Amino acid sequence: MAELKTFLFTDICGSVRLKNEMAGSSVTERDLAFIQTVLTPHRQRIEGRLIEMGGRVVSTAGDGHFLVFDNTIQAAQWAVAVQESHRDEPIMLPSGDHVEVRMSVHVGVPQTDPGDVDNFVGKSVDYAARLNDYATGGQILVSRSVMAILDDVGLDGIRLYLQGRRELKGIGLVEVHELLYDDVGPRTMRNEPKSHSNRQWTVIPTMGFGEDEGDGGVAVVGSAIKQVGNYVLEGQIGAGGMGDVYKARHKQFDRVRAVKVIKPQFVGRGHGEVISRFYNEIKAVGKLEHKNIVVAIDSSAPTDRVHYLVMEYLDGVGLDDLVAQVGPLATADACEIIRQAAQGLEYIHKHDMVHRDIKPSNLMLTLVDADQLHSDLSKPENNGDGLGVVKILDLGLALLADQGNERLTRYDNKAMGTGMYMPPEQWRTTSVDIRADIYSLGCTLYHLLAGHPPYVDSDLRPEKAHEKEPLPTIRNANIPRKLWDVLKKMTAKRLSDRYATPTEVVTALAPFLEGHDLAGLRHRYDATLGETVANGQSHTPTHGRAPSRQDTLWSKVRSGSGSIYPTRRWMLSTAFPLLAMAVMLGGAVLLQQRNAGRAAEEAERNARDGLAIVARNAARVNLAPQLGERFEILAAAARDPALREALLRINEDPDDASLRAALQDWITKQYSNSSEEAPAESWFVNCSNGIQVARFPSKDSIGKNFAYRNYFHGGSVDLSEEEAKRAKPLIDPKLSAVYESSTSHKLKVAFSMPIWNAPASGEKRDVLGVLAMSVDLGSFEGLEASLRGINQVVLVDTRPDAVAGKAGEGLILDHPFYSHKADPENPPRVSDEVLAKLKTATTNGDGQFLNGYTDPLAEKKEQLFWGAYEPVEVTLKSEEDRKLSTGWVVLAQAEVFE
């Protein structure tokens, strides 16, 4: 009979929320702060007594860890020790809260992964993983088999509690027990399982190279690296596919450097070729020294236990973060940035190398004293604060042009490079030349001018879009015609049509540089963050980059932003009818040559059918379920007896702040448990007279009365001060009108739910208060146009609102060409005529079509549109499929064919 193994899963509760709480001016900086503040000390606790207790980490996925133990008792003791360390010596957060972790344990027959001897798979592993999906902060859930072993042994200080039975996906209905190690438990389990199906687990090898293997090194696994060579590692500042990046300090010279350490999984058995090629490549890039590239300074040797590359450490900002913060760049600034990058690429080209991954996040803008530069830069008139210098990053893994090998970043058998910037030929082969970098540099120039990569709105996969579609026109940018010609030549589909060398790009951009000021641009970036260069605060350091905003948001389905708006996934699910519509419109264009009148009639008929499909799918397939999920989460939380008991006490004396502590703990956990399924700006509770008695994140709004808000009383608009004195809490779920937050002054909407003093029954019951979550209107951006050039999707609130102190209706919540961050004082609205039609929308209505109206946000104000509209109606499953009207209407529109 096979020897049993004990499998354990653990991760940090609400890691998405915690990252958002971290200090930093960008996603990258907040991720790095999370690594340093939370993840590193948590991993130290995991590794503390792990070997002593007979365990090891099998694999990781972000903050999640999968472990295996030879002994169930020692696994339980280890789990308790880690939980007690978080209780007794908590990892504190900027908000004053502390980190919590959840765990699950199951014992079963191990099944080794056929593709990796260091990994385990099978039902026993799935059991432990699915069990963890129900756990909450500080909780250790165990299976019945683990319970039987621990109950038989009788460990001191440990008790077991039967939580009940739960359905584990792929396993069935099972008993769930909680291991109690303090006086707090039993803790409340999650109502629904938490899914991590999208996680990518990285297996950590149990052994490295042995001398008999002749691979020249030994892997170091299971302990945090503190020093490599003469460099003391001060903290992790980034991570990539191949390695982790650390800020390091030389022991003797006290100089700060950036050190990239190859990850353990690329050092284990079978990866000898990877290490060999790594040293061949860093030997080549070690010879490079140019003002526009990050210089390699030192490295390990092939016989060392840890393999690393030392680079200069820079205080700079990645171009992706720069554009995200300040918006599209001026022509002169964008061209000067690309000119400098082209100079660096020319130097690389002369050394017979190709970068292969040029993109905004691999270009950094830094400030350098003029006397530190020994070669030409195009200098602005005012350079008293230093010169703006562009540095090319990630040269440590570049590829020699005459080799047929793959760049080391292609370790997962996928096309190397970042899809939104890759030339067509790079999707097909690794044998590319410098013209591939020129293409990627052109896509980067496009990004700087437009604010996003090319082809971002295409319905084709990135490789097909780059291969087949013409370069999309950049809207709202005054780009000189000759510069557009340069951009098209850089991004030509055929190699022979592109510039042959980066020097040719430098020459072509020269006429467009007048007036550039990169130093001023950098200072403008700092100013938008409320910082200055003089304060010494660091920006994105050399190579210290987690996957950037543009690496992820533009190339994958958008998530985790607090947005409840549609992604491209539903667009793809309706691709066939939409493409059919495009074909029909195209047929109408051809028909126009014979009969213009008949063509226009045919186009309108096709628009009626096609736009109705777009509107219906946006409203029903995407928006309604997402809104409904938020209401269901609130409904489940509002039924919690702990919430009812806390409010009963508070309602007796709403001004007694001492009664609010338990409720504040409760709402903090609710926010944490829902942060990944339904990201929100805040959760809050108002007692029966409208006073806010709990909120997470905690703000000074606690203790203030919000009875006037329509999310509290359920009416259509906010009340006057006198009216608010008589307001009662709502009795039905409510999606509020848009309002301005009293704390952040951002535009928001709130989802609110009544809190009853008893379950629904025939008996009379009372409302104790209101539970709500708020979402920033600005975070809703992302409702994408379905077929670029054919139609657009707009979301309108038909209800009254008082945004910016002005009463109105028909507020445009989302539009492809507008951001509410741009001008919150004057949000756009549809015309009275359009609003009147949208107010008549019904879910079963036919003929909901607008013919010949204008769009206030259209580039051409006189342009007429066709539009089909569909109301957004939510089905509340927890209330016997009750229908809830939101007042929101989806308007799918297309330009009138003439």
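No value in this document is a laboratory result; all are computed from the given coordinates. These figures come from a predicted structure and were not determined experimentally. Neighbour counts run over all protein chains shown; Cβ positions are idealised from the backbone, glycine included.
So for the stretch 5-180, averaging the separation of alpha carbon pairs under 8 Å that are six or more residues apart and normalising by length, what relative contact order in percent results?
Working: 302 pairs, mean separation 41.2, N = 176.
With pairs under 8 Å counted, the relative contact order is 23 percent.
Which of the aspartates and glutamates could a cross-linker bridge to LYS877, judged by Cα under 13 Å and excluding same-chain residues fewer than eight apart?
Counting by Cα, and skipping residues close in sequence, LYS877 has these aspartates and glutamates nearby: GLU629, GLU632.
Listing ASP182, ASP156, ASP797, ASP116 from the residue with the fewest other Cβ atoms within 10 Å to the one with the most, what is the order?
By the 10 Å Cβ count, ascending, the order reads ASP156, ASP182, ASP116, ASP797.
Decide, for the stretch 629-774, between rounded, prolate and oblate: order the square roots of the alpha carbon gyration tensor eigenvalues as a ≥ b ≥ c, take rounded if a/c falls under 1.5, and otherwise choose prolate if a/b is larger than b/c, else oblate.
Rounded, because the longest to shortest axis ratio a/c is under 1.5.
Please state the charge dipole magnitude for the stretch 443-498, taken about the Cα centre, from unit charges on C-beta atoms (+1 on K and R, -1 on D and E), reported in debye and rounded to the nearest 20.
The dipole magnitude comes to about 240 debye.
What ranking do LEU155, LEU487 get, fewest neighbouring Cβ atoms within 10 angstrom at the top? Numbers along the way, then the final one.
Working: LEU155 15, LEU487 21.
Result, fewest neighbours first: LEU155, LEU487.
Most exposed first by the Cβ proxy, i.e. fewest other Cβ within 10 Å, how do GLU895, GLU880, GLU167 rank?
GLU880, GLU167, GLU895
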